[in-house]
Amino acid sequence: MSYTDWTFSKSKEYYQKLREHILESEEYEGVVLCDGMEEAFLGIGVQFTNSPIAVYDREKCIEILAKDMTHEEAEEYFEFNVIGAWVGEQTPMFLTRGAALYGI
């Protein structure tokens, strides 16, 4: 099983426990999680002098949205309503994986 398969094959119970741990942990205080994007969650990112932030797989987020709309509509919705939503310093980050940069 590849890392990607392992990351995205977790159960709802796993994500619920992970969410609870993050929200209750002092280490991750203030981290903002995206509802409905649990399968796209990659982890917590940290950077010197900045607060920790949730990191999600951009392509997986769009794939999740595309279950209820076309891929094009999902991309547009994602760009405007997810990427465009500023919820403070700890607004989540959306990672574009290397292969996606080249359209592979």
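Points worth noting:
- Residues considered: VAL46, VAL55. Of these, the only one that is outside any loop (DSSP other than H, G, I, E, B), under 24 Å from ARG19 (Cβ atoms), aliphatic (A, V, I, L, M) and at pLDDT 95 or above is VAL55.
- Test for GLN47: is it touching a Ser or Thr at 6+ places or on another chain (Cβ under 6 Å) and not charged (D, E, K, R): no
Okay, residues lined up against (1) outside any loop (DSSP other than H, G, I, E, B); (2) at pLDDT 90 or above; (3) hydrophobic (A, V, I, L, M, F, W, C); (4) on the phi < 0 side of the Ramachandran plot:
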| residue | (1), (2), (3), (4) |
| --- | --- |
| LYS10 | no, no, no, yes |
| GLU13 | yes, no, no, yes |
| LEU18 | yes, no, yes, yes |
| LEU42 | yes, yes, yes, yes |
| GLU72 | yes, yes, no, yes |
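- Given (1) touching a Pro at 6+ places or on another chain (Cβ under 8 Å); (2) surrounded by 16 or more Cβ atoms within 10 Å (Cβ to Cβ); (3) not in a strand (DSSP E or B), index of the condition GLU27 fails: (2)
- Any hit, the stretch 30-46, residues being of a type in the set (D, E, K, R), touching a residue at least 24 places away in the same chain (Cβ under 8 Å), out of contact with any His (no Cβ under 8 Å at 6 or more places or on another chain) and crowded, with 18+ Cβ neighbours inside 10 Å: yes
The values are calculated or read from the model by the stated rules, or taken from the named source; none is laboratory data. All values derive from a computational prediction rather than experimental measurement. When we count neighbours, we look across all protein chains shown, and the Cβ atoms used for this are built from the backbone with ideal geometry, even at glycine.
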